[in-house]
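I have placed the structure first, in the form of structure tokens, so that the comments after it can refer back to it.
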Amino acid sequence: MANNDSIKKTLTVALSLCVVCSVVVSTAAVALRPTQQQNQELDRKTNILQVANLMEPGKSVEQQFGEITQRVVDLRSGKYADDIDPDRFDQIASTQDPAMSRTLSGPQDRAGLGGRVENYATVYLVGDPDKPDEIILPVRGQGLWSLMLGYLALEGDGNTVVGLSFYDQGETPGLGGEVDNPRWKSLWPGKEIYPEDSTEPAIRLVKGGVGSNTPDAEHKVDALSGATLTSTGVTNLLQFWMGDEGFANYLARFRDTSQGA
């Protein structure tokens, strides 16, 4: 009579269980992928609406997002790249394609993007795409512990901040993680990215608090308490994306229009 406790039978049962579990997990992953993608897309749209202060109770996210136009911008020229479909374009993934991205030298990579930046970026326009009420821009950069990814919403003048929000970050809770604190985020509306008659971004975080008597207060926001490196990271990523390697050329047209040029 065979021994049911033999090593051979034990290994056979264990292997069979592994195969069955692998099939179940793989099947579930494939079956759930469309739902996961839908949830990711819903989360993206929700974050964009929130940073632009466009969320309205009683309306679906899809309904509200219908008021937003997506366009792809060539960061080098500041012009729209209408041959690229914004619904299919993966901005971050494009950094892995040499034809869709470019190398950054050490000083150029202020945001800590790993030495490469995409040539194209998706922007979101609220209202009339030619004269938008708001312009929402994707931004990202290195903090203390993580790559922080977020959106910056500007008024149609291409300069005045509506809101800043990070939807993905792994900074220290209670310190750098305060980039998610509504109180800190409430300091951003009304701040200005550029000084008058300048294409160099002046927006930055500063220690010690910003008051009405602070010089250039319109370009300064309180740094995160106890989180110097995260605060520096926020300054660096904003100055990078609002600078020549980012959206400066694109935003110039809106600033010229608002100034009557």
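Readers should treat all values here as calculations from the given coordinates under stated rules, not as data from a laboratory. In this text, all values refer to a predicted model and were calculated from it rather than measured experimentally. Using ideal geometry, Cβ is built from the backbone for each residue, glycine included, and neighbour counts are taken over all protein chains shown.
Observations
- The average projected area of the stretch 114-261, computed from the convex hull of its Cα atoms over all directions, is 9.0 nm².
- Long-range amide H partners of residue 167 with built H, under 5 Å: 149, 150, 151
- A cut-off of 5 Å between modelled amide H atoms, ignoring neighbours fewer than 5 places along the same chain, links residue 119 with 101, 102.
- In degrees, nearest ten, helix 7-51 long axis to first principal axis of the chain (Cα): 20 degrees
- With R₀ set to 41 Å, the beta-carbon distance separating residue 20 from residue 43 gives a calculated FRET efficiency near 0.80.
- Radius, Kirkwood style, for the chain when every pair of distinct Cα atoms is counted (Å): 20.6 Å
- Across the stretch 152-191, the residues whose backbone nitrogen lies under 19 Å from the label position 7 Å along the beta-carbon direction of residue 225 are 171-188.
- Length-normalised contact order of the chain in % [C-alpha pairs under 8 Å, at least 6 apart]: 16 percent
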